[in-house]
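Novice: Input: one structure, supplied below.
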Amino acid sequence: MTRLTTTLVTEIALGDYDNELRRKTGRSLKQIAVRGACSTDKRCTPDETLRVAVIPISSGKGVIHGFTNAVYDVTTHLGYRSFITRRQDVAGLAEALEKQADIAFLADDDCFIAINLKLRYVVYNHEATARGYAAALDYLAGGVEKKGVLVIGAGKVGNSAVHALQKLGAEVAIFDIDEKKAETKAAMHGITAEKCLDKALSRYSLLFDASPARNIIRSEHIKPDTSIAACGIPIGLTDEARTLVENRMIHDPLQIGVATMLLISSSFG
């Protein structure tokens, strides 16, 4: 799992972020998350009456100060009844059940999940992030159907992004620094594996950056119609490239991922 920092998760202003998303995509965080959650199931109906517990986990490198509060803030911003458990780890999960939570959020160094406790349904952050950012890119670009989209990074998020973008009708290609990995994922999805990132970036205007690599998207790669969903941390754009595409780029440390996790986990049953 991408390692967040206290600085990243404590600088979130959800009102401002919602306004930014509306300005860029015409949709709020909640609307983007609903689209991401329901993109694979037309019967999807999120239930906002469900009670949400956010459980601090202290294993591995320990709790990132501000993380549970940031997750709590996103869930309450979307209108759900949420609380942070007073206890951590297993005791926190027990507390969530004792307080009749319907959904539990918890994360360690390797895995970030939301669990629908009644249905025993697990939502993984990497899948939800991919689906939410694919929906955001679809809105940002005025639709991705029949358009070429380059996914950068063939890890868990990138692999899930390919699937989500295909559901939206995009013509997807994938690049990874590990060429064999990219080819394996491409064969799995029936898409193109790009071998040279520079050449690929010169041809594609719609980008889904799921790589943790820095400075791989430079100013010369930015075209007038470039739109980018950049969920990787750290962000892959140089400062100059980011300035050129700022109004056509979506990037945040956890808002879209958490929002989509919540909407998926509350949309069944």
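Novice: Regarding region 158-167, can at least one residue be identified that is at pLDDT 95 or above, polar (S, T, N, Q), surrounded by 17 or more Cβ atoms within 10 Å (Cβ to Cβ) and assigned to a strand (DSSP E or B)?
Specialist: No; the residues of region 158-167 include none that is at pLDDT 95 or above, polar (S, T, N, Q), surrounded by 17 or more Cβ atoms within 10 Å (Cβ to Cβ) and assigned to a strand (DSSP E or B).
Novice: For region 32-52, what are the residues that are at pLDDT 90 or above and buried (at least 18 other Cβ atoms within 10 Å of the Cβ)?
Specialist: Answer for region 32-52, where residues must be at pLDDT 90 or above and buried (at least 18 other Cβ atoms within 10 Å of the Cβ): 32, 33, 34, 35, 36, 37, 50, 52.
Novice: I need every pair where a residue in region 109-133 that is within 14 Å of residue 263 (Cα to Cα) has its Cβ under 6 Å from the Cβ of a residue that is among the aromatic types (Phe, Trp, Tyr) and part of a strand (DSSP E or B), sequence separation at least 6 or different chains.
Specialist: Pairs found: 113/124; 114/105; 125/112.
Novice: Another one. Out of the residues in region 1-20 that are closer than 24 Å to residue 153 by Cα and not β-branched (Val, Ile, Thr), state the one that is modelled with the lowest pLDDT.
Specialist: 1
Novice: May I pose another question? Considering each residue of region 190-209, count those that are among the charged types (D, E, K, R) and either in a helix (DSSP H, G or I) or not assigned by TED's automatic domain parsing to the domain that holds residue 246 (or both), and give that number.
Specialist: 3
Novice: So, one more: Just give me the residues in region 75-101 being at positive phi and part of a helix (DSSP H, G or I), in sequence order.
Specialist: Of everything in region 75-101, just one residue is at positive phi and part of a helix (DSSP H, G or I), namely 89.
Novice: Same structure, new question: Mind listing whichever residues of region 62-85 are more than 14 Å from residue 112 (Cα to Cα) and at pLDDT below 85?
Specialist: Of everything in region 62-85, those that are more than 14 Å from residue 112 (Cα to Cα) and at pLDDT below 85 turn out to be 65, 66.
Novice: Tell me whether region 120-135 contains one or more residues that are modelled with pLDDT under 95 and within 27 Å of residue 266 (Cβ to Cβ).
Specialist: yes
Novice: Among the residues that make up region 130-138, is at least one of them surrounded by fewer than 24 Cβ atoms within 10 Å (Cβ to Cβ) and not in a strand (DSSP E or B)?
Specialist: no
Novice: From the list 187, 170, 182, pick out the single residue that is surrounded by fewer than 21 Cβ atoms within 10 Å (Cβ to Cβ) and outside the structural domain of residue 72 (by TED's automatic domain parsing).
Specialist: Sole residue among the options that is surrounded by fewer than 21 Cβ atoms within 10 Å (Cβ to Cβ) and outside the structural domain of residue 72 (by TED's automatic domain parsing): 187.
Novice: Continuing with the same structure: Kindly evaluate residue 55 against the criterion of being crowded, with 18+ Cβ neighbours inside 10 Å, more than 13 Å from residue 139 (Cβ to Cβ), at pLDDT 95 or above and not small (Gly, Ala, Ser).
Specialist: In short, yes.
The values are calculated or read from the model by the stated rules, or taken from the named source; none is laboratory data. Predicted model only: the values in this text are computed from it and were never measured. Every residue, glycine as well, gets a Cβ built from its backbone with ideal geometry; the counts of neighbours run over all protein chains shown.
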